[in-house]
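Down below is the structure, laid out as structure tokens.
Bear in mind these aren't lab numbers, they're just calculated from the coordinates by the rules spelled out. The shown structure was predicted, so the numbers you read here are calculated from the model rather than taken from an experiment.
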Amino acid sequence: MATTTHIADRTPGPKRAPASSHGPLVIRRRRSARGRRSATLTVLTGLVLVYTLLPLVWLAINATKTQEGLLDSFGLWFADDFALFDNIGATFAYNDGIFARWLLNTLLYVIAGAGGATMLATLGGYGLAKFDFPGKKAVFAVVIGAVAVPGTALAVPTFLMFSNLGLTDTPWAVIIPTLVSPFGLYLMWTFATDAVPREILEAARVDGAGEFRTFFGISLPLLAPGIVTVLLFNVVGTWNNYFLPLIMLKDPDWYPLTIGLKAWNQQAATTGGEAVFNLVITGSLLTIVPLIAAFLLLQRYWQSGLAAGSVKE
């Protein structure tokens, strides 16, 4: 029996790592380190959340105050009177209902400008990603260079060009420049490269499908997450566009919300002007509601298309 035991002990087999007396201590240290990192990230996330939500909270609270309540109460707490609905009604009724006209103008610029920019970026990005042609590298360099150029640097040349064409002080002066979105084009280019497998396109072409049918029937559903992302970027950029309408438009009837609210805010500084800070704040609150709704409604398209374009090898 002793001999058998001795032979079994010397039989070759997988070696076990020697037990370490420091094992539990190492595990506890790793867990504590992870806990410290999580606590730090939690604190930083909380600070960013407060920094992001504090202006919105201030806006929502002060939209419930009258003109006198704004001056007599603390900014981050409610006044004695709740005048939110009165302020909303006064905002739409003030100056013959010009706020509703500004809202419709903004919707026009967003639908025509941001929608058109998204469509052009989708078509251009898909073509650059899936078709080869001479000068493709030069186009890539131009797109990257256009992304690096800020829009304010092109505002004055754009104004001079549209002035020579006689298009200033018209909606076209805001819509046409908005159609060009270098960042959206680059984003769709990079997204379409991986989201639409070439194997699927080749199979569709072998089956006799044309390029338009292949694009609308096969590629477009796969590009949906990227299209929604580019659309949101363009919508936010156009909705909050300030500098371009400022230099292009003089007629208040064509103002977007950004320029119109700024004009109301500046009334108090003019001779004989009426201070309507409560209407400016209420109008600002109404301005961000469509953006919040757009993000909430389109969020599910992001989540449903996170794995779009993946190819199983």
Quick P(r) readout (the range 96-304; Cα-Cα; 5 Å bins; whole %) gives 1, 7, 13, 15, 16, 14, 12, 9, 6, 4, 2, 1, 1, 0, 0
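Report the extension gain between Leu120 and Ile247 in nm, rounded to one decimal, defined as 0.36 nm multiplied by the number of residues separating them, less their alpha carbon distance.
43.2 nm
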